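Engineer: Quick one: structure below, then a few questions.
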Amino acid sequence: MSQYRIGTVSVTNGSAIVTAVDPDPADALISAQQKWLTEAKVGYLFVVAGGAQLYTVLTVDSDTQLTLSAPFAEASTVVSGVPNIGFEYALVRDFSINFGFPLVTLGDIATALIIEQAMRQVDGEFITFNALVGGATPATPPTPPPPPASPPAIDIDPPSVPPVVYATVTGDTTTTVSWLASTDAGGGTVAGYRVFRDGTFIGEVLAGLIYSDSGLVAATQYSYTVSAFDNATQANVSAESMPFVALTDAAAAGAYRGYPYSIKRYRGRR
């Protein structure tokens, strides 16, 4: 962004001194406007209207005088060796940290020159950079990791209810409960079965389709049901099967004795 002053300056070819010109010393307002004040700072760029070169402000000597970093040299603009009075000027504040070129705004004096100087400086910076790195091209950035895989679908479907359950009386105090396999529709597998006697859980089977029950009372009727569960993280459990009723009897060892509860009929000895 360029900083302007009302009025003009006096410059001399071969001299680094720039002096503000007071066109009307009798007018206090104009005299006050000619002061550099605190707007001018070391490092600002100085250019006169129609000039072909930018100069860096080396020192701010007073409110009305600056010293440039190099002697003023505009042979086509001013007469050498004598003060040349009445030049319009601009002080350009440098906001660029990386390349040191000034920003310009609408109405800047010598805008084209400022832009050209800036672009030349940018080109120089790139040439210097390439020389330092030996012309090497930037390294290819690493390939970003793939996005995380979608979590597996949660299995919330229980296995099917064991379709057939039956019991064989093997002694006056023992029975063997058997059933047909269930299937799992939730994407997992059937992990095992739970056996219930008279509605109370009595055991779990992880392999096979048979369970031996003991410690029973002779000549007593018992009702057996079975449910299936799957291998989900939080196991899904089916409903219990239809019950099968068995009647213990010492004389019936090795015989099939009992009836499905749903049939409601006694199945005698074989």
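The values are calculated or read from the model by the stated rules, or taken from the named source; none is laboratory data. Predicted, not measured: the structure shown is a model, and the values here were computed from it. All Cβ positions, even for glycine, are placed from backbone atoms using ideal geometry, and neighbour counts span all protein chains on display. The protein model used for the area step is the full one, side chains on, heavy atoms only, and it has no ligands, DNA or RNA in it. Shrake-Rupley method; radii C 1.70, N 1.55, O 1.52, S 1.80 Å.
Engineer: Which of (1) open to solvent by 60 Å² or more (accessible area, probe 1.4 Å); (2) out of contact with any Phe, Trp or Tyr (no Cβ under 8 Å at 6 or more places or on another chain) does Pro158 not meet, given it meets every other one?
Structural biologist: (2)
Engineer: Give the residue that is nearest to Gln221 (Cα to Cα), with candidates limited to residues of segment 183-206 that are among the hydroxyl-bearing types (Ser, Thr, Tyr) and at pLDDT 95 or above.
Structural biologist: Thr200
Engineer: If I filter segment 221-236 down to residues being touching a strand residue (DSSP E or B) at 6+ places or on another chain (Cβ under 8 Å) and open to solvent by 40 Å² or more (accessible area, probe 1.4 Å), which single residue comes out as nearest to Gly171 (Cα to Cα)?
Structural biologist: Top of the filtered list is Gln221.
Engineer: Could I ask something else about it? Could you give me the residue pairs with C-beta distances under 6 Å whose first residue belongs to segment 132-155 and is over 30 Å from Ala185 (Cβ atoms), whose second residue is surrounded by 10 or more Cβ atoms within 10 Å (Cβ to Cβ) and modelled with pLDDT under 55 wherever it lies, and which are 6+ apart or on separate chains?
Structural biologist: Nothing qualifies.
Engineer: Tell me which residues, restricted to segment 139-184, are not in a loop (DSSP other than H, G, I, E, B) and not small (Gly, Ala, Ser).
Structural biologist: Val165, Tyr166, Thr168, Val169, Thr175, Thr176, Val177, Trp179
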